[in-house]
Amino acid sequence: MSIIGTIIIGLIVGLIARLLHPGKDGLGLIMTSLLGIAGAMLATFGGQAIGIYRAGQPAGFVGAVVGAFIILFVVSRLKK
């Protein structure tokens, strides 16, 4: 996947994670995109490393959302 595709998927994943996380977190569009990209990378490498799924499976997108949500949770706790 290209860099632009990764950024777009990361933005979508970051927005979904922000919708699932209650409360105001004060992150902008760029931080949301970075959060989504980090969550996607965390889920992709972690899920494939322990053998939950392979590359290209739909579970990867769900895992990316879960990874982004975990990162958002940690960031919001560190800001307090």
Which members of the range 38-50 meet the condition of being part of a helix (DSSP H, G or I) and either modelled with pLDDT of 80 or more or basic (K, R) (or both)? A38, A49
Selection from the range 1-27 of residues modelled with pLDDT of 75 or more and either in contact with a strand residue (DSSP E or B) (Cβ under 7 Å, 6 or more places away or on another chain) or not in a helix (DSSP H, G or I) (or both) yields H21
Provide a single number: the residues in the range 38-64 that are crowded, with 21+ Cβ neighbours inside 10 Å and either polar (S, T, N, Q) or under 13 Å from I9 (Cβ atoms) (or both). 5
Mind checking which pairs have a first residue in the range 27-49 that is over 16 Å from I70 (Cβ atoms) and a second that is of a type in the set (G, A, S), Cβ under 7 Å, 6 or more apart or different chains? S33/G10; S33/G14; Q48/A55
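The values are calculated or read from the model by the stated rules, or taken from the named source; none is laboratory data. Quick caveat: nothing in here was measured; it's all calculated off a predicted structure. Cβ atoms come from the backbone with ideal geometry, glycine included; neighbour counts cover every protein chain shown.
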